[in-house]
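See structure below.
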Amino acid sequence: MKQLWSLLSAVALVMLTATTAAAHHSAVQYDFTKAAKITGVVLKFQAINPHMRLTLRITDEKGTRDLEIEGHSTNNMYRAGYRDGMIKVGDTITVDVAPLRDGREGGYMIAAVTASGTRFGVQSAAERARERERAEGK
Amino acid sequence: MPRRIALAALSCLVFLPVSLAGQGGQHPDFTGLWTTYTEPGQARGGGAGRGGGTPLPFTEEAQKKVAGYRALIGGSGATPGGFCLGTGMPGSMLGSGGYPMEILQRPEQINITYEAHNEVRRVYLGDRIVPMADRIPGRNGHSSGHWEGDTLVIETTHLVEQVDQRWPHSDQARIVERYRLITDSARTKVLVAEMTLTDSAFYTKPVTETKKWAYVPNGHLLPYECAEEGWRIHLEELEKQAKESKR
């Protein structure tokens, strides 16, 4: 639990200080009180700081399209279970994202389940709230 | 009898606490990796973080400067970190933990590295202390230290004016940190820092904060190359332009 809160503190720091340098944007476009899942085939994956970068090819009833997704820093993800080589081009993975506020597809990756079924990442705000309620016996 | 004395001496050496076995010998050793501390029995991590607590006691001039900066940034969410710039003192110290802090301690110099943005502070002691006239101002200032018993006292001056962090300050700011080791009821080794920021240009009275970190046994700091993402995006843009020009 201590590790989780350490990580969440780091995540908060990312929100405050470490947004994408080139795009010069903050994470205000994402709604961290909500969570969504996106499954797709990995076209590109970069384990870098301050954000992991991922391009997923999604195929569903709406058709096939490519989504560019950014996420927590590699350092935060490392402390939340990520290890080198876990995600490779061609893998089918599912990512948990904080969705975009404007309703467009995509989001900010907070966790992922790899092709081998390994999960890494942090809890969503909703998951944390549920955990608190369970702990408090609600 | 001499054999008994020798055995007693040997046992003292074997059980010498790690915290006192540093390079300096006579002072506590803060060397190691330190992360956010959580008080025993509490769900949330402790430490500093002025997210909406007591308002800072700004002077009128500081109030104007900070308000001007915040109006300029507006709702963009822009931060120095967004441009891969470190937080600067005291935010770099008070905000560390989730991204851990590494301390390497020698008698004459203590290096403190905050993982986020690889911010490094070098604290010089004794003969290594740099004369005032030779110091270069910066976001983390210039730090010198001395020991008061088991407490490390660090004084930081030569800061540049910063309105872009949680603890804004002028270039006249002086920060004193007092570090000591404690062991909590769960037997966790805890590093405690009491910080006092004095800056009559920005504050009507000194600002104080207490920050705690928990020791991470055999912990390692991770690399943090903040500019890599921007560089890769730039290369992708160049590739795109090259492809378009060939058409």
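Here are some notes:
- Any chance B:Gly47 is at pLDDT 90 or above, under 18 Å from the mean Cα position of the chain (by Cα) and of a type outside the set (Val, Ile, Thr): no
- Among residues of the range B:109-137, those that are more than 22 Å from B:Ala214 (Cα to Cα) and surrounded by fewer than 14 Cβ atoms within 10 Å (Cβ to Cβ), counted: 8
- Residue count, the range A:97-123 (criterion: closer than 22 Å to B:Leu222 by Cβ and either away from every other protein chain (no Cβ under 14 Å) or in a strand (DSSP E or B) (or both)): 10
- Count - residues of the range A:40-69 that are touching an Asp or Glu at 6+ places or on another chain (Cβ under 9 Å) and of a type in the set (Ser, Thr, Tyr): 1
- B:Thr87 being buried (at least 22 other Cβ atoms within 10 Å of the Cβ), at the interface with chain A (Cβ under 9 Å from one of its Cβ atoms), farther than 18 Å from B:Leu191 by Cβ and at pLDDT 95 or above: yes
- Within the range B:59-80, being part of a helix (DSSP H, G or I) and buried (at least 16 other Cβ atoms within 10 Å of the Cβ) holds for B:Ala62, B:Lys65, B:Val66, B:Pro80.
- The range B:222-236: number of residues that are assigned to a loop (DSSP other than H, G, I, E, B) and buried (at least 18 other Cβ atoms within 10 Å of the Cβ): 2
- Residues being within 12 Å of chain A (Cβ to nearest Cβ) and among the charged types (D, E, K, R) - total across the range B:217-247: 6
- Comparison of B:Asn111, B:Asn140 shows that the only residue that is assigned to a loop (DSSP other than H, G, I, E, B) and either within 14 Å of another protein chain (Cβ to nearest Cβ) or under 30 Å from A:Ser73 (Cβ atoms) (or both) is B:Asn140.
Yes/no matrix, rows are residues, columns are (1) in contact with a Leu (Cβ under 9 Å, 6 or more places away or on another chain); (2) within 14 Å of another protein chain (Cβ to nearest Cβ); (3) without any contact (Cβ under 8 Å) to a residue 12 or more places away in the chain; (4) not in a loop (DSSP other than H, G, I, E, B):
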residue: B:Leu56; (1), (2), (3), (4): no, no, no, no
residue: B:Gly82; (1), (2), (3), (4): no, yes, yes, yes
residue: B:Ser92; (1), (2), (3), (4): no, yes, no, yes
residue: B:Ser96; (1), (2), (3), (4): yes, yes, no, no
residue: B:Pro107; (1), (2), (3), (4): yes, no, no, no
residue: B:Tyr124; (1), (2), (3), (4): no, no, no, yes
residue: B:Ser144; (1), (2), (3), (4): yes, no, no, yes
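- Residue within the range B:31-43 that is in contact with a helix residue (DSSP H, G or I) (Cβ under 8 Å, 6 or more places away or on another chain), farther than 22 Å from A:His72 by Cβ and at pLDDT 95 or above present: no
- Filter pass, B:Ala186 being modelled with pLDDT under 95 and either loosely packed, with under 15 Cβ neighbours inside 10 Å or at negative phi (or both): yes
The values are calculated or read from the model by the stated rules, or taken from the named source; none is laboratory data. None of the values given here were measured: they were computed from a predicted structure. Note: ideal-geometry Cβ built from the backbone for every residue, glycine included; neighbour counts use all protein chains shown.
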